[in-house]
1. With charges only on Cβ, +1 for K and R and -1 for D and E, what is the dipole size of segment 1-100 about its Cα centre, in debye, rounded to 20?
2. Could you tally the net charge around LEU227, taking each other residue with its Cβ under 14 Å from the Cβ of LEU227, Lys/Arg +1 and Asp/Glu -1?
3. What share of the DSSP beta bridges in the chain is antiparallel, in percent to the nearest 5?
4. Test of understanding: what is the full-extension gain from SER195 to LEU150, defined as 0.36 nm times their sequence separation minus their Cα-Cα distance?
5. Check the straight Cα-Cα distances from LYS80 and name the aspartates and glutamates below 19 Å, setting aside those fewer than 8 residues away within the same chain.
6. Which of the pairs LYS5/LYS149; LYS32/LYS172; LYS13/LYS234; LYS13/LYS149; LYS172/LYS212; LYS13/LYS108 have their Cα atoms more than 22 Å apart in this structure?
7. Just to be sure I understand the model, the point goes 7 Å from the Cα along the line to the Cβ. What's the resulting THR71 to LYS85 distance in nm?
8. Please compute the length gained on full extension between ASN29 and GLU127, using 0.36 nm multiplied by the number of residues separating them and subtracting their Cα-Cα distance.
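What follows draws every value from the coordinates through simple rules; no lab data is involved. Computed from a predicted model, the values in this text were never measured in an experiment. Backbone-built Cβ (ideal geometry, glycine too); neighbour counts: all protein chains shown.
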Amino acid sequence: MATRKPMVAGNWKMNGSLELVNQLSVAVNNIKSADLDVVVFPPYPLLSSLIEQGVTTGAQTVSENEPGAFTGEVDAQLIKDLGAKYTLVGHSERRSIYGESNNTVANKFARAQQVGLTPILCVGESEQQREKEQTELVVAAQIDAVIDKLGLAALKDSVIAYEPVWAIGTGKTASPEQAQSVHKFIRDKIATLSSDLAQGLTILYGGSVNEKNSELLFAQPDIDGGLIGGASLKADSFTAICNSAKRTV
Ligand code: PGA
């Protein structure tokens, strides 16, 4: 089986300050190591400061378009030029609050790769969809939108984050078994197309991960780390979560 390097990503959402940059960059620089990727996704204006402190960063979203008359949007090339390495695409808040469709998300994924940013494709079902047993259907459609538009090979230089919508910011984490089952579904689905690609693909879990539940989640065979929201804003919690990924993946 391919060995995948664990990753812990901190999604600050619309939170943070220069003060938090200073606190978190000290913490991240202390836990950085060759056997763990740590990436921070701050609001745009804080990217440069984190990069200057030596932190690996990504954007929370990018425009699907090339530069032009798109007031308020941010071009992926600019993010890349600043020194960021990643971008989230299709976070559930972008999908639900800003109406991003699977097609828009696939376009953002394409634009990110075009400029050399690694997209982290966020997928996940709502509570209602889980109750109707549509989890696999929904997640498959979110992934297929990218494969259909860009081809399977596009997934090679990407990361997938499974984030059940009902677990984001709610304190209701998926159980390790629930999360593992969807991660395995994703990996098996891709393995039917390419076993090598599936084995090498990093799949993160996100949704109310904290320092108490991270170790068991990250110990699951198909969970390669986490995408952390609330707990990524506290240096102690984020450090503990990163350490649990180092130990268990
Ligand atoms: P949460 O957010 O950890 O606060 O649930 C996760 C995310 O939205 O990426």
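1. Its charge dipole is roughly 380 debye.
2. My count for the surroundings of LEU227 gives -2.
3. Counting DSSP beta bridges with both partners in the chain, the antiparallel share is about 5 percent.
4. Extra length from SER195 to LEU150 when fully extended: 14.4 nm.
5. Counting by Cα, and skipping residues close in sequence, LYS80 has these aspartates and glutamates nearby: ASP37, GLU52, GLU64, GLU66, ASP157.
6. LYS5/LYS149; LYS32/LYS172; LYS13/LYS149
7. So the label points at THR71 and LYS85 sit 3.7 nm apart.
8. 31.6 nm
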